[in-house]
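Data first, discussion second: the structure below is written as structure tokens.
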Amino acid sequence: MSIRQKLQGKLGFGTAPLGNMFRDIPEAEALATVDAAWDQGIRFFDTAPFYGAGLAEIRLGEALARRKRDEYVLATKVGRVILDELEDPSARDLGEKGGVFEFGRKNKIVNDYSADATLRSIEDSLKRLKTDRLDIVWVHDVAQDFYGDEWLARFESARTGAFRVLDRLRDEGVILGWGLGVNRVEPVELLLELDAPKPDAMLLAGRYTLLDHERALQRLMPTAARQNVDIVVGGPYSSGILAGGAHFEYQKASPEIVAKVERIKAIAQRHNISVKAAALQFSLANPAVASVIPGASRPERILEDHAALNETIPAAFWQEMREQKLVAPDAPLPIDAKKE
């Protein structure tokens, strides 16, 4: 069974906010958010040790403990090992994402993409998630936004370590599949160019959204489709700016981005639709995309996401977005699928 078939629906749930991203989220609120996702029919949950130094995994595991394991798809990530030793979260070097999880746990985070660390990370994640198996494992953040000029060295470490381990676990039937979980296009292109090992899917965050999709559109999406590698789109709201927030790329949005979002909002208002609906449905319109996983930290946000996915958007909205050059001219839109 392919990952696309296993996902059972287009909408998943990204749990980064459950790791106290940007704010200290009460435990009850975090668990209620996962319950709301379940009640709305969401059965694909994506997490990572990095999110709050294990906090998101712990909370997700607690919330899913009473659910039947065969009824949902679970993905987590490798590349970071969480230690019992403590550190100051505000002092961590997180590349372009400094301070994003300053309200998470204080456990020390060690970046390590070796084979041994990959196996240890999976073992630790299984304990935090209170489960006996994972469906999808992503290799997390081997990209420029975290490692700058050192990213290729990190990628090579993952190629000889994590990639080979996960490829073997997939072939042995231990996991359903693996791939990268990154915020940049280049590592995905690089992995797709390798003869081996071969990934099954990619989690691409923030690079196929209304605000940023041109680069992925050029080569990555056609290559992924040709190789039958499913794309899961993370961060469809571009860190929140497309959902009424103030962040873009995990930082306060620039005046240029704010101005672009205001143009999109104006068109959406004219056609009486929500920007959230436009963001989700745009990402899903590309045939290479199997699922989209917005994050949420409040139950009501889950309800909004579900409504946005099912909202009817008039063709005139998409036509105006194209005319105003707010989407790339060759970007697949929902109206294109209806023409076929």
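The values are calculated or read from the model by the stated rules, or taken from the named source; none is laboratory data. This one's a predicted model, so the numbers in the text were calculated from it and none came from an experiment. As a convention, Cβ positions derive from the backbone with ideal geometry for all residues, glycine included, and neighbour counts pool all protein chains shown. To get the accessible areas, we keep the full protein, side chains included, count just its heavy atoms, and leave off ligands, DNA and RNA. Shrake-Rupley method; radii C 1.70, N 1.55, O 1.52, S 1.80 Å.
Projected label points at Arg120 and Gln251, each 7 Å from Cα along the beta carbon direction, are separated by 3.2 nanometres.
Computed from Cα atoms, the angle from the helix 275-284 axis to the main principal axis of the chain rounds to 70 degrees. First measure r as the distance between the Cβ atoms of Gln218 and Gln324, then evaluate 1/(1 + (r/R0)^6) with R0 = 30 Å and state the FRET efficiency to the nearest 0.05. Taking R0 as 30 Å, the efficiency between Gln218 and Gln324 is 0.90. The calculated 222 nm mean residue ellipticity attributable to helices in the chain amounts to -11500 deg cm²/dmol, summing -39500 (n - 2.57) over DSSP H runs of n ≥ 4 and dividing by all residues.
Protection proxy ranking of 22-28, 207-213, by the mean of other Cβ atoms within 10 Å over each peptide's residues and highest first, is 207-213, 22-28.
Note that region 181-288 carries a Kirkwood radius of 14.6 Å, evaluated over its alpha carbons pair by pair. Note that the chain shows a convex hull volume over its alpha carbon atoms of 128 Å³ per residue.
Between their Cα atoms, which of Lys97/Lys252; Lys6/Lys127; Lys265/Lys325; Lys97/Lys260; Lys6/Lys77; Lys10/Lys130 are more than 20 Å away from each other? From the list (Lys97/Lys252; Lys6/Lys127; Lys265/Lys325; Lys97/Lys260; Lys6/Lys77; Lys10/Lys130), the Cα-Cα distance tops 20 Å for Lys6/Lys127; Lys97/Lys260; Lys10/Lys130. A simple spin-label model places the labels of Asn310 and Asn228 3.3 nm from each other, with each point 7 Å out along Cα-to-Cβ. Here Arg133 sits with roughly 80 square angstrom of accessible surface, probe radius 1.4 Å. Applying 1/(1 + (r/R0)^6) with R0 = 30 Å to the Cβ-Cβ distance of Thr160 and Leu303 gives a FRET efficiency near 0.10.
Taking 0.36 nm per residue of separation and subtracting the current Cα-Cα distance, fully stretching the chain between Gln40 and Ala91 would add 14.5 nm. Near Arg69, once Lys and Arg are set to +1 and Asp and Glu to -1 for all other residues with Cβ below 12 Å from its Cβ, the sum equals +2. Which aspartates and glutamates have a Cα less than 19 Å from the Cα of Lys276, not counting those fewer than 8 places away in the same chain? Leaving aside aspartates and glutamates fewer than 8 places away in the same chain, those within reach of Lys276 are Asp212, Glu249, Glu262, Glu300, Glu304, Asp305, Glu311, Glu320.
Just check region 229-340 against the gyration tensor rule for me: Cα atoms, a ≥ b ≥ c as the square roots of the eigenvalues, rounded for a/c under 1.5, and otherwise prolate or oblate depending on whether a/b exceeds b/c. Rounded shape, in that the Cα axes give a/c under 1.5. Simple point charges give the picture: +1 on the Cβ of Lys and Arg, -1 on the Cβ of Asp and Glu, and for the chain a dipole about the Cα centre of about 680 debye. Principal-axis analysis of the Cα atoms of the chain puts helix 115-129 at an angle of about 70° to the longest axis. Net length available on complete extension from Val258 to Leu194 is 19.2 nm, with 0.36 nm assigned per residue and the Cα-Cα distance removed.
Would you work out if region 1-151 is rounded, prolate or oblate? Take a ≥ b ≥ c from the square roots of the eigenvalues of the alpha-carbon gyration tensor; rounded if a/c is under 1.5, else prolate when a/b is larger than b/c, oblate otherwise. Judged from the Cα gyration tensor, region 1-151 comes out prolate (a/c at least 1.5, a/b above b/c). Rounded if a/c is under 1.5, else prolate if a/b beats b/c, else oblate: with a ≥ b ≥ c from the C-alpha gyration tensor eigenvalues square-rooted, which is region 280-340? Verdict is prolate for region 280-340.
Derived scalar couplings between HN and Hα for region 209-224 equal 10, 4, 8, 7, 8, 4, 5, 4, 5, 5, 10, 4, 4, x, 5, 4 Hz in order, rounded to whole Hz, by the Karplus curve 6.51 cos²θ - 1.76 cosθ + 1.60 (θ = phi - 60°), x for Gly and Pro.
Spin-label pair Ala65-Asp84: with each label point 7 Å from Cα along the Cα-Cβ axis, the two points sit 2.1 nm from one another. Computed over region 1-88, the convex hull of the alpha-carbon atoms projects to a mean area of 6.8 nm².
Going 7 Å from the Cα of Arg133 along its beta-carbon direction, which residues of region 1-24 have the amide nitrogen within less than 18 Å of the resulting point? It comes to 1-8, nothing else.
Look at where the Cα atoms of region 112-173 and of region 9-77 average out, and the two centres are 20 Å apart. Tilt of helix 27-39 relative to the longest C-alpha principal axis of the chain, in degrees (0 to 90, nearest 10)? Its long axis makes an angle of about 60 degrees. At full extension, Ile335 and Met1 could sit 117.3 nm farther apart than now, given 0.36 nm per residue minus the alpha carbon distance.
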